[in-house]
1. Nearest 0.05, what FRET efficiency do L153 and I304 give at R0 = 30 Å with Cβ-Cβ as r?
2. Do you know the Lys pair count in the range 9-310 for C-alpha distances under 30 Å, with sequence separation 8 or more or different chains?
3. Relative contact order for the range 65-175: what is it in percent, counting Cα pairs under 8 Å that are at least 6 residues apart?
4. Just the number, please: Stokes-Einstein D of the range 9-310 in µm²/s, Kirkwood Rh from C-alpha pairs, 20 °C, 1.002 mPa s.
5. Relative contact order of the range 1-152: what whole-number percent is it, with Cα pairs under 8 angstrom and at least 6 residues apart?
6. With θ set to phi - 60°, apply the Karplus curve 6.51 cos²θ - 1.76 cosθ + 1.60 along the range 66-79 and write out the HN-Hα couplings as whole Hz, x wherever there is a Gly or Pro.
7. Provide the per-residue ³J(HN,Hα) series for the range 217-226, in order, calculated from phi with Karplus coefficients 6.51, -1.76, 1.60 and θ = phi - 60°, each as a whole number of Hz, with x at glycine and proline positions.
8. At a threshold of 8 angstrom on Cα-Cα distance, excluding pairs fewer than six apart, so keeping six or more, what relative contact order does the range 9-310 reach in percent?
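The values are calculated or read from the model by the stated rules, or taken from the named source; none is laboratory data. Computed from a predicted structure; not experimentally measured. Counting neighbours? That spans all protein chains shown, and the Cβs are built from the backbone with ideal geometry, glycine included. Surface areas here come from the heavy atoms of the whole protein model, side chains and all, with no ligands, DNA or RNA. Shrake-Rupley method; radii C 1.70, N 1.55, O 1.52, S 1.80 Å.
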Amino acid sequence: MTNVSLVTTFFLMGLPHAPALDIPLLGIFLVIYVLTGVGNLLILLVIKADSHLHTPVYYFLTNLSFIDMWFSTVTVPQMLMTLVSPGGRAISFHSCVAQLYCFHFLGSTECFLYTVMSSDRYLAISHPLRYASTMSGRTCALLATSTWLSGSLHSAVQTTLTFRLPSCGPSQIQHYFCDALPLLKLACADTSVNGMVIFVNIGVVAVGCFLLMVLACVSILCSTLKIRAPEGSHRAFQTCVSHCTALLCFFVPCVFIYPRPGSRDAVAGLVAVFYTALTPLLSPVVYTLRNKEVKKALWKLIDIVTYSQSK
């Protein structure tokens, strides 16, 4: 008979790798984590400080940077701790619940936010005359609030279904953070319902959002070709490329893992590194280094700080 136990502690086994790589990986991911925090914090400060950037696109970008900063914080420090403790890192049951909830809350909110941002760019480029009246401050606030509430509801369902199942020993999670798929492998009950929810609630929703965004990007490209002014056409094309790059970095790894519950632990762990550690770092690069307005505002902020320190 299967031994059903009340688990109070889990052990995160971390990324599969050779022991000799502990220190190099620790250094690499620590640098990535610091750069992610600094990059997204700079975006928040620059947009807050420059009144010219108080527009819908940068309002949504502020939300995205805030999410990316915390999305990285939910998972990367835990991964660093597993590298310090190669035998596995203990995490309490309640901490595991909180981590799973926060991870899916921020991840799904970002998914919905990308969809909203795609719609915003579509309206701005394809229907510029109606853009100002359509994307008012109230509309932007309502859309942003909807993404946060939808993400919260999605995560609550996912977390409740995952932890309602009894768990059997050993309580070793073959991952570097508490996620639904590795936790389901420890369950002593039928997980078919959870697998279906994961497929629908994460896989189908992610694919649906991605397809909507691809449709928006195609419409933007078609509208770009109709712009006669070379400067306007080039700027619209750059906007579309930057946005599509961010979408691919976020959605492709998610679609690769969650619609395939039977994927191998090693492969899933490596792919998860991309969207938990690298994607939050890439967002500031994609949305700022190719954006003249943000770069100009950043240099202006640096000049103000430098002048204040010199006085």
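1. The calculated FRET efficiency here is 0.15.
2. 8
3. Numbers: 57 pairs, mean separation 38.5, N = 111.
The value is 35 percent.
4. On the way: Rh = 20.6 Å.
Rounded, D is 104 µm²/s.
5. Numbers: 125 pairs, mean separation 49.7, N = 152.
Reported relative contact order: 33 percent.
6. 4, 5, 4, 4, 7, 4, 5, 5, 5, 10, 5, x, 5, 5
7. Result, ordered by residue: 5, 5, 5, 5, 4, 5, 5, 4, 5, 8 Hz.
8. 28 percent
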